């Protein structure tokens with residue numbers, strides 16, 4: 001029979017006031033400083049929440065049942081836990097903390113629950129969406145580094161809903177990817193693609209997260225947008241989206257993804273001289289045009305470390321920064 005290690009401080013008689021301290025005692029042998037810090041801080045906040053709200057047994061049981069339901073409805077193509085994180089604003093917060101930007105860099109936003117890894121690689125100017133009911137759109141985007149130099153060879157993942165507001169993975173008869181594709185920027189740092197004009201749509205609200213939104217008297221809608229993910233070795237991965245100005249849900253996005261710098265105005269291809277002739281696209285086609293700016297891993301880590309040190313100095317405990325992360329000194 002295994003007994004308590006002799007060097008582990010004994011727990012005290014458990015009370016509402018000292019239960020947190022006792023949990024920390026039992027966790028004190030953890031030899032991973034960052035993990036120990038994460039768990040101890042989580043326990044502290046959870047216990048303080050229970051004490052502050054005088055959490056009832058019935059409420060806690062309901063919370064456990066809710067989380068079980070979130071797990072049960074989740075699949076490889078329906079990530080209900082991601083959705084829960086999104087509607088609580090946590091996804092955007094974690095992204096902002098872990099991927100800070102230089103002033104000129106493109107801001108990030110939420111990944112969302114509908115990104116997949118099976119998008120086809122297409123050539124410049126090819127079609128992303130094959131929805132015949134969508135309004136044709138031509139995308140023209142530049143990609144530069146923080147010094148303004150065009151970036152070739154950037155892998156760009158693009159995805160959007162169809163004209164009815166559904167992603168391909170939401171259809172039971174899905175046979176392959178649509179409304180999504182991967183391009184690689186050319187020598188001038190450009191990507192060109194055909195798609196459709198994004199439309200507003202509701203996040204899945206037939207599950208536990210949707211019921212929670214209903215209880216909070218919140219709507220489940222997202223404003224019209226198109227997702228982008230940028231990857232290139234040596235550069236901080238950028239997950240972002242472009243939102244259409246004037247959308248009815250622009251200021252009440254269900255997952256808190258909209259940032260002012262990511263809101264754009266659509267134009268016409270004919271508004272840009274020579275663009276229609278160069279790509280063989282009708283001048284009346286809707287144009288999505290945007291300039292993206294990426295930062296290097298080194299630049300990102302520098303900003304992240306600076307922000308982490310600010311947080312460490314404001315904390316009421318002795319912390320240091322390791323690889324951009326807060327770690328206790330003891």
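Quick notes on this one:
- Modelled FRET efficiency - R0 22 Å, residue 261 with residue 237, Cβ distances, 0.05 increments: 0.75
- Gain upon complete extension [residue 88, residue 25; 0.36 nm per residue less C-alpha separation]: 19.6 nm
- Prolate/oblate/rounded label for the range 237-312 (Cα gyration tensor, a/c 1.5): oblate
- Pairwise FRET efficiency - residue 107 versus residue 127, Cβ, R0 = 30 Å, nearest 0.05: 0.60
- Highest-fluctuation residue, 271, 316, 178 considered, GNM on the chain with Cα pairs under 10 Å: 316
- Prolate/oblate/rounded label for the range 10-81 (Cα gyration tensor, a/c 1.5): oblate
- Here each label is just a point 7 Å from Cα along the line to Cβ, and for residue 323 and residue 218 those points are 3.2 nm apart.
- Look at 231, 12 and count the other Cβ atoms within 10 Å of each Cβ; fewest to most, that gives 12, 231.
- Antiparallel %, DSSP beta bridges [both residues in the chain], to 5: 75 percent
- R0 of 35 Å, Cβ-Cβ distance residue 34-residue 190: FRET efficiency to nearest 0.05: 0.30
- Three-way shape call for the chain based on the alpha-carbon gyration tensor, with the a/c threshold at 1.5: prolate
Throughout, read-outs are computed from the coordinates displayed, never taken from laboratory work. Please read these numbers as outputs of a predicted model, since none were measured by experiment. Here Cβ is always computed from backbone atoms with ideal geometry, including for glycine, and neighbour counts include all displayed protein chains.
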